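A short write-up of the structure that comes next.
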Amino acid sequence: MSSIYETVEKARKTGKIEKGINEVTKAIERGTAKLVVIAKDTSPVEIIQHIPILCKEKNIKYEEVDSREKLGIAAGIKVPCSSVVIVSEGEAELPKAKKGK
């Protein structure tokens, strides 16, 4: 199974992703999110604490990764990224995690 970073990168190239806490939150609330990815090393942690709760409420899959740096690279930006949402997976294969984790 490919890593979450590879999934994000493939979705970026062949589908559609949104980057950043505000965009992720909006996509969850709109119901357009297919998979949400959160970086565990986000500081302060309070800025992303609402995301798993929203995902559970809306029954949307989410995954945690260890590095904002690597998530930013996978998302195609030159700065660290706290969260990414896959809106359209394209050729990326989404993990078979339970909804709402």
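Looking only at region 11-55, how many residues end up being crowded, with 19+ Cβ neighbours inside 10 Å and touching a residue at least 60 places away in the same chain (Cβ under 8 Å)?
Residues flagged as crowded, with 19+ Cβ neighbours inside 10 Å and touching a residue at least 60 places away in the same chain (Cβ under 8 Å) within region 11-55 amount to 8.
On the basis of being in contact with a helix residue (DSSP H, G or I) (Cβ under 7 Å, 6 or more places away or on another chain) and not hydroxyl-bearing (Ser, Thr, Tyr), does Val45 make the cut?
The answer is no for Val45.
Anything in region 1-11 that is within 9 Å of Ile86 (Cβ to Cβ) and either among the polar types (S, T, N, Q) or in contact with a Lys or Arg (Cβ under 9 Å, 6 or more places away or on another chain) (or both)? List them, or say none.
Thr7, Ala11
Restrict the check to region 73-91 and report whether at least one residue is more than 14 Å from the chain's Cα centre (by Cα), at pLDDT below 95 and of a type outside the set (Phe, Trp, Tyr).
yes
The values are calculated or read from the model by the stated rules, or taken from the named source; none is laboratory data. As the structure is a computational prediction, the values presented were derived from the model and not from experiment. Methodologically, a virtual Cβ is constructed for each residue, glycine included, from the backbone with ideal geometry; neighbour enumeration extends over all protein chains shown.
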